[in-house]
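The values are calculated or read from the model by the stated rules, or taken from the named source; none is laboratory data. Given the structure is predicted, the values throughout are model-derived calculations rather than measurements. So basically every Cβ, Gly included, is an ideal-geometry build from the backbone, and we count neighbours across all protein chains shown. In case anyone asks, the SASA skips ligands and DNA or RNA and just uses the protein heavy atoms, side chains included. Shrake-Rupley method; radii C 1.70, N 1.55, O 1.52, S 1.80 Å.
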Amino acid sequence: MPGCFGIARLLGPSYSLRCVVFHHISDAECPFTTGMNVRTTPKRFEAALAFLTKHYTPVSLEEVLTDSEGGALPARAILVTFDDAYASVVEVAAPLCKEYGVPAVFFVNAAFLDNRRLAPDNLLCYVANLHGMETVNAAARSLRRNETPRLRSLNEVFGSFLPSLTLSEREVFLAELPRLAGIAERRLAEETALYLTSEQLGTLRSFNFEIGNHTYTHVHCRSLLEEELSQEIDRNKVELEGLSGTQVRSFSQPYGSSVDLTDTLARHLERSGHRAVFLSESVANPRSVSRHRLDRINARVDRDDTLFLDLEVLPRLRAMRNRVFRGSSKTQADRNFSTRIN
Ligand SMILES: [Zn+2]
């Protein structure tokens, strides 16, 4: 393995902080996540922790924030993060991280705490899996947008349809989905208990987990008006800080795309006390990287060699390609960077 690291370095030596993102750690496949590629089994997650602690130095957000020049972090520093408020992170991942001595950041949407409602992605996934895309299309047509094309897959819904909606249109669409599918959303959310409770949020500190902001309702931030930033960004920060008694000082972009990190959002995040911002485009962070634009890797952890490829080789190749295309508009390949839904 050490030789492999040497070969990977030939692709580009400038690779400082590695960041990885996980979502749902569970053995059980379920209609709320099937097709979203967000699930990692506990066995493979533990194998990934063993790999990371053997070949890397796990660091905390605090260490990242205090390393202002980017040179003080240990060699092969790696930051482990989780997105999306899944209860499995507290119940399964956090104890394993503690056992392996791995600190982490958990980016949470306060709207889903205590399972009062379903996150948009899980609701969409559930309706598509059990009722088909016809029901999703019927909900989309309720917006009476003549230009709405027929949606054929969840990738189209997450990749182009949802980002095109205003916040109020999105709420109409998300209200129509359970109505058309005949679902009692609140009861289903309570029964399934996918997300962590307020009480569990308070226990994260004992696992050396820091809580971060992932917007209040998991939105594409490009669609937010300036006056709506407060209800999605500030409200989430205030509620999470109130419930956990800890400071929220980092933000991860729902869906992970740099397109959503608009100048307006970047300014708002900085003004509101977010000292680190994370994307998920699986690109290597160069030594000069700003803490306000750190990239994370959606690593495949099914085998150690694919994990190595995803952590060391592909992020460097993408960074090289980005340098070549710097200044040009986003290519289709850029848009296809992340195959997972974040
Ligand atoms: Zn997310």
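All but one of (1) surrounded by fewer than 19 Cβ atoms within 10 Å (Cβ to Cβ); (2) under 23 Å from the mean Cα position of the chain (by Cα) hold for Val172; state the number of the condition that does not hold.
That leaves (2) as the condition not met.
Within the range 305-342, which residues are at pLDDT below 50, of a type outside the set (Val, Ile, Thr) and exposed (fewer than 14 other Cβ atoms within 10 Å of the Cβ)?
Those that are at pLDDT below 50, of a type outside the set (Val, Ile, Thr) and exposed (fewer than 14 other Cβ atoms within 10 Å of the Cβ): Ser328, Ser329, Lys330, Gln332, Ala333, Arg335, Asn336.
For the list (1) within 14 Å of the ligand (Cβ to nearest atom); (2) free of Cβ contacts under 8 Å to residues at least 24 places away in the same chain, I need the number of the one condition that Arg267 fails.
The one condition Arg267 does not meet is (1).
Residues that are under 30 Å from Ser250 (Cα atoms) and not in a helix (DSSP H, G or I): does the range 125-132 have at least one?
No, every residue in the range 125-132 fails to be under 30 Å from Ser250 (Cα atoms) and not in a helix (DSSP H, G or I).
Kindly provide the set of residues from the range 239-298 that are on the phi > 0 side of the Ramachandran plot and either open to solvent by less than 10 Å² (accessible area, probe 1.4 Å) or in contact with a strand residue (DSSP E or B) (Cβ under 9 Å, 6 or more places away or on another chain) (or both), ordered by number.
Once the filter is applied, which keeps residues that are on the phi > 0 side of the Ramachandran plot and either open to solvent by less than 10 Å² (accessible area, probe 1.4 Å) or in contact with a strand residue (DSSP E or B) (Cβ under 9 Å, 6 or more places away or on another chain) (or both), the range 239-298 yields Gly256, Ser282.
Working only within the range 115-132, note down all residues that are more than 16 Å from the ligand (Cβ to nearest atom) and under 24 Å from the mean Cα position of the chain (by Cα).
Those that are more than 16 Å from the ligand (Cβ to nearest atom) and under 24 Å from the mean Cα position of the chain (by Cα): Asn115, Arg116, Tyr126, Val127, Ala128, Asn129.
Inside the range 151-160, can you point out the residues that are surrounded by fewer than 18 Cβ atoms within 10 Å (Cβ to Cβ) and assigned to a helix (DSSP H, G or I)?
Passing the criteria: Asn155, Glu156, Gly159, Ser160.
Condition test on Ala87, is it within 16 Å of the ligand (Cβ to nearest atom) and within 23 Å of Asn213 (Cα to Cα)?
Yes.
State whether one or more residues within the range 161-169 are surrounded by fewer than 16 Cβ atoms within 10 Å (Cβ to Cβ) and among the β-branched types (Val, Ile, Thr).
Checking the range 161-169: at least one residue is surrounded by fewer than 16 Cβ atoms within 10 Å (Cβ to Cβ) and among the β-branched types (Val, Ile, Thr).
Quick check on this structure: which one of Thr203, Thr217, Thr148 is touching a helix residue (DSSP H, G or I) at 6+ places or on another chain (Cβ under 6 Å) and either away from the ligand (no atom under 15 Å from the Cβ) or in a helix (DSSP H, G or I) (or both)?
Thr148
Output the residues belonging to the range 192-209 that are within 22 Å of Arg291 (Cα to Cα) and surrounded by 22 or more Cβ atoms within 10 Å (Cβ to Cβ).
The one that is within 22 Å of Arg291 (Cα to Cα) and surrounded by 22 or more Cβ atoms within 10 Å (Cβ to Cβ): Phe209.
Answer yes or no as to whether Leu167 is of a type outside the set (Gly, Ala, Ser), at pLDDT below 95 and more than 24 Å from Glu239 (Cβ to Cβ).
no
Specify which of the listed residues (Ala189, Ala139) is among the small types (Gly, Ala, Ser) and in contact with a Lys or Arg (Cβ under 6 Å, 6 or more places away or on another chain).
Going through Ala189, Ala139 in turn, just one is among the small types (Gly, Ala, Ser) and in contact with a Lys or Arg (Cβ under 6 Å, 6 or more places away or on another chain): Ala189.
For the structure I just gave you, tell me whether Leu177 is more than 16 Å from the ligand (Cβ to nearest atom), farther than 18 Å from Ser252 by Cβ and more than 20 Å from the chain's Cα centre (by Cα).
When the stated conditions are applied, Leu177 passes them.
Which of (1) over 25 Å from Asp114 (Cα atoms); (2) touching a residue at least 40 places away in the same chain (Cβ under 8 Å) is the odd one out, the single condition Glu227 does not satisfy?
Result: Glu227 passes all but (2).
Considering every residue within the range 96-118, establish whether at least one is in contact with a Lys or Arg (Cβ under 7 Å, 6 or more places away or on another chain), of a type outside the set (Lys, Arg) and more than 30 Å from Phe308 (Cβ to Cβ).
yes
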